[in-house]
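First comes the structure, then the notes that go with it.
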Amino acid sequence: MEYVYAALILNESGEELNEENITGVLEAAGVDVEESRVKALVAALEDVDIEEAVEQAAAAPAAAPAASG
Amino acid sequence: MEYVYAALILNESGEELNEENITGVLEAAGVDVEESRVKALVAALEDVDIEEAVEQAAAAPAAAPAASG
Amino acid sequence: MEYVYAALILNESGEELNEENITGVLEAAGVDVEESRVKALVAALEDVDIEEAVEQAAAAPAAAPAASG
Amino acid sequence: MEYVYAALILNESGEELNEENITGVLEAAGVDVEESRVKALVAALEDVDIEEAVEQAAAAPAAAPAASG
Amino acid sequence: MEYVYAALILNESGEELNEENITGVLEAAGVDVEESRVKALVAALEDVDIEEAVEQAAAAPAAAPAASG
Amino acid sequence: MEYVYAALILNESGEELNEENITGVLEAAGVDVEESRVKALVAALEDVDIEEAVEQAAAAPAAAPAASG
Amino acid sequence: MSAEERTTDEVPEWKQREVDELVDLLEAHDSVGVVNVTGIPSKQLQDMRRGLHGQAALRMSRNTLLVRALEEVDDGLEDLTQYIEGEVGLVATNDNPFGLFQQLEASKTPAPINAGEVAPNDIVVPEGDTGIDPGPFVGELQTIGANARIQEGSIQVLEDSVVTEEGEVVSDDVANVLSELGIEPKEVGLDLRGVYSEGVLFTPDELEIDVEEYRADIKSAAASARNLSVNAAYPTEQTAPALISKAQGEAKSLGLQAAVESPDLADDLVSKADAQVRALAAQIDDEEALPEELQD
């Protein structure tokens, strides 16, 4: 999921969701980045309205952590 | 939520979840990082089993009618 | 509800759930403490598994806010 | 959660929700307070209508039994 | 989704899930294969227990059409 | 299920859903193809609206029984 | 046609002509089936032939000639000769064999069963009013095992009653009662024994397609692919929103569990705390210890 997380950080920071930026975030986290996965992610997200997807997720009930911390 | 995503990426890459690393990831994403939030995040995550928390999210399938305003 | 919150804080800090401690927390918050309620609360919680009660609440997600702001 | 509890006690007592007060409540409960978490909490709650958030929680169906892990 | 279907066929036939085989299946179906997507798929599936991943229901976020205002 | 997956790939690639194409996809995946099953599939799918079935699957969070790990 | 070369003397010319006709028929169609026509009255057979017109041709002949024709075409059709036995006919169609099977099934009609015949399925006398006046018939019903009684001036069957099980021989008594009640337990029609189609021999059980099952399989396959795509974090156009949602859910779950002081989580953290305090308060059964808002 790290690729998706990276995309979401960029979405929040307002930076462009391109291969370079995703790769940069992942590398900063020490991920051994696969170029093909970055490409695939960017391609898949091209026509997706991230805000909308995020809002829908947010509207869903917060997933219940059962075990106390 | 970008701080939490950063923590999740580090969790997957296996890098240590410390202030420096989180700051690095966020900065790579162009986030204007607040030190106190990073500190707070690291402190909050100290005693939490991240794997477990993530799995619990999967257990509660998100599905609720959104009436966002 | 502040009395019960005080109990929850003490439960997390690991301090003893006694009258003195509850009174201390509440006074620090500027609450005008009623001694009889503190007494009653301490007595009532004697037979309660706080962890369990808290976990059950956590399991029920703070369900779907109708109108997110 | 103790930081959040502390904020909610202050909310009920009517005291100001600032770093000093939160720290005071937590210390009275014997919590080893992290300044950064207090800061982050105050910042996070700045734009939150606590009453509303609480009402929404109350509206939520009470509690599914936790399948604790 | 055709790439995923191709992986699932290979998983059932017992053939190795590698780039060559996936490309072969897709080409036989007249798909104009993108190498990077094939690579990404192989990489994504590397550490995945396909049987388990297939069975574990993925949340359907799109379920709730948001009447966003 | 491999026969059905093959049909779904063809459905996405836009190639005709006929015996030859299904057989081709399956053989490319190393499946030992049974002609009668291919024929039955083609005949049966004549009466199935594949798009609709796929959409229904996406809307309902996966019918597949969850074998959580 | 190669009829000129084939002047085998032992075969009467009319037979050879008939075989040639059959061969022409077989060669002109993609699928050929052998059907059992035992017990079908000729009138009904004609109706069925008419019903199939345009979609399938039904031909009857002597079995020896059918076999000869099938063998003459060769090309795999000779596999069908194993089914040429008893009263049979050939059906030829350009439809696929599954469609042919469906057509033939649909054309079947109910028919009475005679004493001495083997029940093709459980024979049931259904619950309900027989409409027959009280009389000895109630005894006949009871004799064959139907739960019958006189009620409200007529003979009533109180529950669905199996009077002959599948595979059993129908007795005189049963046949009489069924006839009296007008029950027709048989399905009469062209019974496919086997179909040869473009190189493949199909038996009837292979031809019975459950379209619903295929629809369900498609859904299940699509769901599997979706699950795999999301769970393996391999994004596709269709699953990208689900992945975002999943990532969001995971972050939220972690954030709430760790009580991360984030503006995005503040609402939920407050809600969670409130839910917890209420849950704990609910365990307190001393009124006096309860907050005012929770006291009665």
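Placing dummy labels 7 Å off each Cα toward the beta-carbon, the span from C:Glu52 to C:Glu20 is 3.0 nm. Shielding of peptide F:35-42 by partners, expressed as the average count of other chain Cβ atoms within 10 Å per residue Cβ, is 5. For the range G:160-247, trypsin sites (Lys or Arg not before Pro) are listed when DSSP marks them as loop and at most 16 other Cβ atoms sit within 10 Å of their Cβ; the list is empty. Here G:Ser220, G:Ser262 are placed in order of increasing Cβ neighbour count within 10 Å, fewest first, which gives G:Ser220, G:Ser262. Neighbour counts of C-beta atoms inside 10 Å place G:Ile144, G:Ile132, E:Ile22 in the sequence G:Ile132, G:Ile144, E:Ile22, starting with the fewest.
Just checking the output field for A:44-51: average partner chain Cβ neighbours within 10 Å of each residue's Cβ?
5
Taking Cα centre as origin and charging only the Cβ of basic (Lys, Arg, +1) and acidic (Asp, Glu, -1) residues, the dipole magnitude of the range G:74-199 rounds to 300 debye. In nanometers and ordered shortest first, the copy-to-copy spacing of the F:Asp32 label point, defined 7 Å from Cα toward Cβ, is 3.8, 3.8, 6.6, 6.7, 8.8.
Look at the alpha carbon pairs under 8 Å that are at least 6 residues apart: their mean separation over the length of chain G gives a relative contact order of 18 percent. Within straight-line reach of G:Lys43, meaning a Cα separation under 20 Å, sit the following lysines at least 8 residues removed in sequence or on another chain: G:Lys108, G:Lys186. Charge tally for G:Ile132 (other residues, Cβ to Cβ under 13 Å; Lys, Arg +1; Asp, Glu -1): -4. Net charge of the neighbourhood of G:Lys43, taken over other residues with C-beta under 13 Å away and scored Lys/Arg +1, Asp/Glu -1, is +1. Ranking of B:Thr23, G:Thr93 by neighbouring Cβ atoms within 10 Å, starting from the fewest: B:Thr23, G:Thr93. Normalised by 2.2 N^0.38 Å, where N is the number of residues, the C-alpha radius of gyration of the range G:237-296 stands at 1.66. Peptide B:12-23 has a mean of 3 when you count, residue by residue, the C-beta atoms of other protein chains within 10 Å of its C-beta. Computed about its Cα centre, the charge dipole of the protein assembly as shown is approximately 2900 debye, with only Lys, Arg, Asp and Glu carrying charge at their Cβ. Estimated from helical segments only, the mean residue ellipticity of the protein assembly as shown at 222 nm is -16500 deg cm²/dmol, where each DSSP H run of four or more residues counts as -39500 (n - 2.57).
Taken together, the values in this text are just the output of simple stated rules run on the coordinates, not laboratory data. Remember, it's a predicted structure, so these values are computed and weren't measured experimentally. When we count neighbours, we look across all protein chains shown, and the Cβ atoms used for this are built from the backbone with ideal geometry, even at glycine.
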